[in-house]
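What follows is a set of notes on a single structure, which appears directly below.
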Amino acid sequence: MQDSLEARHELRDDVAEHREPDHDIDPLFVNRWSPRAMTGEPLDEEEYLPLFEAARWAPSAFNNQHWRFCYASREDDEWDTFVDLLGEGNQAWATDAAVLTVIVSKTTFDHNGEPAPVHSFDTGAAWENLALEGARRDLAVHGMAGFDYERAAEELDVPDGFAVEAMVAIGERAPPETLPEELQEREQPSDRKPLAETLHRGGFE
């Protein structure tokens, strides 16, 4: 157990080949990426519910906790409903996930009913917590925009005042060779823009 804990404080080999942080940060942030290759095997609840527990502790304005997660595991009757929401490109690999999730956010504040301009921002923080906990557990966690947003709202009975934000596939990682050929070469951690391109002291100019 100690060896596995220590390994979590190092860059993984597959990540170190493609990424190198410019500043001293926890390797967990760099180790997180978005694999597509999954085994198609189910996960026990105790293997994936901690990801949603991590999301629960994200920060939010007025502690509103705007995020909601609708999910189906492979054993659930609703599994096919979630699969059918996916675009064709994502169906080619995400059907091997153990869990599919639709992330929804509440667009108003609970305390006054007024519009919450940060509902997507806060829900994104919850998604990041989920993704980082998945990376810590060496699970494949892949966020997706390629799905039918309107059908998701309809099929999942999303109430008025909530916005469909994204879908997520969660599963046990598999070798890249299990993916369709056109996706295999993309199955690696992507690099990031230099910090100087995204950080502006003062204004943009």
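The values are calculated or read from the model by the stated rules, or taken from the named source; none is laboratory data. Note that the structure is a prediction, hence the values are computed from the model and not measured. Ideal geometry is used to build each Cβ from the backbone, glycine not excepted, and the neighbour counts take in all protein chains shown. Areas reflect the complete protein model, heavy atoms only, side chains present, ligands, DNA and RNA absent. Shrake-Rupley method; radii C 1.70, N 1.55, O 1.52, S 1.80 Å.
Only one of LEU179, LEU183, LEU199 is open to solvent by 60 Å² or more (accessible area, probe 1.4 Å), hydrophobic (A, V, I, L, M, F, W, C) and farther than 16 Å from TRP67 by Cβ. Can you tell me which?
LEU199
Please list, ordered by residue number, the helices (runs of 4 or more DSSP H) wholly in the range 76-182 having 3 or more residues that are in contact with a strand residue (DSSP E or B) (Cβ under 6 Å, 6 or more places away or on another chain) and in contact (Cβ under 8 Å) with a residue 60 or more places away in the chain.
Result: 119-136.
Every residue in the range 91-110 that is farther than 19 Å from ARG56 by Cβ and surrounded by fewer than 20 Cβ atoms within 10 Å (Cβ to Cβ), please.
Correct list: GLN91, ALA92, THR95, THR107, THR108.
Could we say that ASP80 is within 20 Å of GLU45 (Cα to Cα) and surrounded by fewer than 17 Cβ atoms within 10 Å (Cβ to Cβ) here?
yes
For the range 149-176, which positions are among the small types (Gly, Ala, Ser) and surrounded by 16 or more Cβ atoms within 10 Å (Cβ to Cβ)?
ALA152, ALA153, ALA163, ALA166, ALA169, GLY171, ALA174 - these are the residues of the range 149-176 that are among the small types (Gly, Ala, Ser) and surrounded by 16 or more Cβ atoms within 10 Å (Cβ to Cβ).
Those residues that are buried (at least 17 other Cβ atoms within 10 Å of the Cβ) and of a type in the set (A, V, I, L, M), I need them from the range 60-72; list them, please.
ALA72 - this is the single residue of the range 60-72 that is buried (at least 17 other Cβ atoms within 10 Å of the Cβ) and of a type in the set (A, V, I, L, M).
For TRP57, state whether it is among the aromatic types (Phe, Trp, Tyr) and open to solvent by 40 Å² or more (accessible area, probe 1.4 Å).
yes
If you check GLY146, GLY124, GLY113, which single one turns out to be surrounded by fewer than 17 Cβ atoms within 10 Å (Cβ to Cβ) and closer than 22 Å to ARG32 by Cβ?
GLY146
Check GLU45, GLU88, GLU41, GLU75 and return the single one that is charged (D, E, K, R), farther than 18 Å from GLY171 by Cα and exposed (fewer than 14 other Cβ atoms within 10 Å of the Cβ).
None of the others qualify; the one that does is GLU88.
Would you point out which residue out of ALA55, ALA37 is within 25 Å of GLY161 (Cβ to Cβ) and touching a residue at least 12 places away in the same chain (Cβ under 8 Å)?
ALA55
Need the failing condition index for ARG151 against (1) under 19 Å from the mean Cα position of the chain (by Cα); (2) over 24 Å from ALA37 (Cβ atoms), just the number.
Unmet for ARG151, out of (1) under 19 Å from the mean Cα position of the chain (by Cα); (2) over 24 Å from ALA37 (Cβ atoms): (1).
Of the residues in the range 118-144, how many are closer than 26 Å to GLY89 by Cα and β-branched (Val, Ile, Thr)?
Matching residues across the range 118-144 total 2.
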